[in-house]
C-alpha cells in the first residue's frame, strides 16, 4: 500500500429504482472507503447491488441519498459499466493508443499488451477483435489511461481462464507497484483472492466488510 488516505468513499449512498421512490431503493445506506494501493471486492448474490454501486461511484447513475467522494486530484476510470464496443469506439488500434502516449506512459500499456497476449494484434482495429479479446483490450486501454481509481464490473466475464488470470494479476501488480485503487465486483474465488478487503452485499445493503489477511 502506498497511501493511507481514502481515494474513494461512499457515504450512506442510496439509489432509487426505475419506478421512482415508490419502487424503493436499489441500494441503501451503503458506506465504505477505499485507500490508494488497495483492491476492494464487492461480493454478494445476483441483484445484491454490486453493479449499482459501481455505476454510482463512476457517476453514471444518480445518487438519491448520501455522497460519493473521490479524493481531490485523483483520476477515475472504469471497465464493464458500458458495452465494450462503446468503450472502445474511438480507440482505433492498440498501436495507435501507444503512439499517442509519451514514452514513460506507453510502457505500462506495452507491458499489458504482452501480458494479455494482445501484442501481435496491436495493429488490428480493436472492434475487429473477437469478443473476449475486445474485453481484454478494454482492460489494456483503461490501464493506459493511468487512472488512480479503477472501477470494474464483471471484469473476467467471458474470458478464457488464462486470460482472466492474466487480467487479475496485471491489476494486482498495478495496485502493489503503482498504488492503483481497484474497486471490483467479485464473481468468483479468483477475484476475491486478489482483494485486500471484501464488502459483502445483500439486497442493496452492506452486511459485512472484511479485511483480508
Which one of the conditions (1) touching a strand residue (DSSP E or B) at 6+ places or on another chain (Cβ under 7 Å); (2) buried (at least 20 other Cβ atoms within 10 Å of the Cβ); (3) under 17 Å from residue 187 (Cβ atoms) does residue 154 fail to meet, given that it meets all the rest?
-> (2)
Out of the residues in segment 106-150 that are under 19 Å from residue 165 (Cβ atoms) and assigned to a loop (DSSP other than H, G, I, E, B), state the one that is modelled with the lowest pLDDT.
-> 130
Under 15 Å from the mean Cα position of the chain (by Cα) and more than 16 Å from residue 33 (Cβ to Cβ) - does that describe any residue in segment 195-203?
-> no
Per the filter on segment 120-147, residues within 19 Å of residue 42 (Cβ to Cβ) and surrounded by fewer than 20 Cβ atoms within 10 Å (Cβ to Cβ) are 147
Residue 8 fails exactly one of the following numbered conditions: (1) modelled with pLDDT under 95; (2) under 15 Å from residue 151 (Cβ atoms); (3) not in a loop (DSSP other than H, G, I, E, B). What is the number of that condition?
-> (1)
Flag if residue 54 is buried (at least 17 other Cβ atoms within 10 Å of the Cβ), in contact with a helix residue (DSSP H, G or I) (Cβ under 9 Å, 6 or more places away or on another chain), within 30 Å of residue 206 (Cβ to Cβ) and modelled with pLDDT of 95 or more = no
Within segment 157-186, which residues are farther than 23 Å from residue 107 by Cα and crowded, with 18+ Cβ neighbours inside 10 Å?
-> 159, 183, 184, 185, 186
Please work out if residue 42 is surrounded by 18 or more Cβ atoms within 10 Å (Cβ to Cβ) and modelled with pLDDT of 95 or more.
-> yes
Within the set of pairs 6+ apart or on separate chains, which have a first residue in segment 72-96 that is under 16 Å from residue 59 (Cα atoms), a second that is surrounded by fewer than 14 Cβ atoms within 10 Å (Cβ to Cβ) and at pLDDT below 90, and C-beta atoms under 9 Å apart?
-> 80/157
Residue 121 is checked against (1) in contact with a strand residue (DSSP E or B) (Cβ under 7 Å, 6 or more places away or on another chain); (2) free of Cβ contacts under 8 Å to residues at least 60 places away in the same chain and fails just one. What number does that condition carry?
-> (1)
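The values are calculated or read from the model by the stated rules, or taken from the named source; none is laboratory data. Since the structure is predicted, the reported quantities are computational estimates derived from the model, not experimental observations. Heads up, the Cβs are rebuilt from the backbone with ideal geometry, glycines too, and the neighbour counts pull from every protein chain shown.
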